[in-house]
Amino acid sequence: MRPGEDALDVGCGPGPLTTELVAQLGPGRVSAVDPSGPFAEACSARLPGVRVEVAPAEALPFDDAAFDHALAQLVVNFMDDAHAGAAEMARVTRPGGTVGAAVWDYAGEMTLLRRFWDAAAALDPSAAELDEGRSMRFCTPGELGDLLSGAGLADVSVAPAVVTAGYEDFEDLWHPLELGVGPAGAYAARLPAERRQALKEELRRRLAVTSEPFRLMARAWIGTGRV
């Protein structure tokens with residue numbers, strides 16, 4: 001990205017990607033949308049000067065060719081109609097501009113969720129049907145690339161990005177799950193106490209972590225295409 005360009009964050013949430021775009025381009029060059037009113041409000045409050053709208057990716061409230069870049073971070077697999085969302089992102093991007101989308105590699109190198117669902121399925125075979133590695137679409141290079149190509153984009157490419165997350169100890173990792181955060185957490189939180197404890201111990205065993213600080217790796221796929 002270069003100064004003077006315009007960028008759109010699709011599915012902005014409270015604004016983590018929007019914040020990075022503002023740092024590069026300035027608030028007047030960045031817009032954001034999210035279908036959730038509270039998320040859009042949080043993003044707007046966090047980043048004064050950014051145009052933030054409540055809207056789904058499938059119906060972006062912008063003119064054709066309004067941006068140099070339209071980006072969706074970790075959201076295409078949550079869109080009601082990802083094909084329509086990708087087409088809308090292409091529509092609002094200028095010729096020569098970039099459309100990009102990032103997704104977690106749920107089925108492969110996302111250590112926490114891979115170990116969690118493997119542990120859950122070992123104790124409860126029916127849990128396998130809830131595994132994001134099975135249920136989430138567009139989370140392989142082929143599917144993500146096809147999604148962008150299907151929106152009419154040229155020069156589509158998909159590349160990996162590896163990040164790590166640090167935890168103070170296993171309890172630091174487990175606590176959000178027990179509170180019901182995400183699909184994995186929702187599954188853990190509704191288990192009876194005895195079964196939840198068994199899952200906790202099985203996950204700890206599979207991660208091979210102790211009470212010491214540790215880090216886990218997660219891989220995302222980043223797809224880009226040119227309008």
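The values are calculated or read from the model by the stated rules, or taken from the named source; none is laboratory data. Note that this is a predicted model, so its numbers are computed, not measured. Glycine also receives a Cβ, built like all others from the backbone with ideal geometry; neighbour counts cover every protein chain displayed.
The C-beta contact set for the range 40-60 (first residue within 23 Å of residue 82 (Cα to Cα) and without any contact (Cβ under 8 Å) to a residue 24 or more places away in the chain, second residue of a type in the set (D, E, K, R) and surrounded by 15 or more Cβ atoms within 10 Å (Cβ to Cβ), distance under 9 angstrom, 6+ apart or interchain) comprises 53/34; 54/34; 55/34. Pairing residues of the range 151-178 that are under 30 Å from residue 211 (Cβ atoms) and touching a residue at least 12 places away in the same chain (Cβ under 8 Å) with residues that are assigned to a loop (DSSP other than H, G, I, E, B) and small (Gly, Ala, Ser), at Cβ distances under 6 Å and at least 6 apart in sequence or on separate chains, gives 169/211. When residue 113 is tested against (1) surrounded by 24 or more Cβ atoms within 10 Å (Cβ to Cβ); (2) modelled with pLDDT under 95; (3) of a type in the set (A, V, I, L, M, F, W, C), just one condition goes unmet, and that condition is (1). For the range 205-215, the criterion of being surrounded by 13 or more Cβ atoms within 10 Å (Cβ to Cβ), farther than 30 Å from residue 89 by Cβ, without any contact (Cβ under 8 Å) to a residue 60 or more places away in the chain and among the β-branched types (Val, Ile, Thr) is satisfied by at least one residue. Only one entry in 99, 33, 103 is within 19 Å of the chain's Cα centre (by Cα), over 18 Å from residue 145 (Cα atoms) and outside any helix (DSSP H, G or I), namely 33. Looking only at the range 166-213, how many residues end up being of a type in the set (Phe, Trp, Tyr) and within 22 Å of residue 107 (Cβ to Cβ)? Residues that pass the stated criteria total 1.
When only residues in the range 162-204 that are charged (D, E, K, R) and in contact with a Pro (Cβ under 7 Å, 6 or more places away or on another chain) count, which is surrounded by the most Cβ atoms within 10 Å (Cβ to Cβ)? The extreme case among them is 169. Restricting 115, 134 to those that are in contact with a Lys or Arg (Cβ under 7 Å, 6 or more places away or on another chain) and in a helix (DSSP H, G or I) reduces the list to 115.
The residue that is nearest to residue 91 (Cα to Cα), among those in the range 139-155 that are within 20 Å of the chain's Cα centre (by Cα) and in a loop (DSSP other than H, G, I, E, B), is 151. Of note, residue 138 does not satisfy the criterion of being in contact with a strand residue (DSSP E or B) (Cβ under 9 Å, 6 or more places away or on another chain) and free of Cβ contacts under 8 Å to residues at least 60 places away in the same chain.
When the residues of the range 1-22 are narrowed to those that are under 21 Å from residue 86 (Cα atoms) and among the aliphatic types (A, V, I, L, M), which ends up modelled with the lowest pLDDT? Here the residue is 1.
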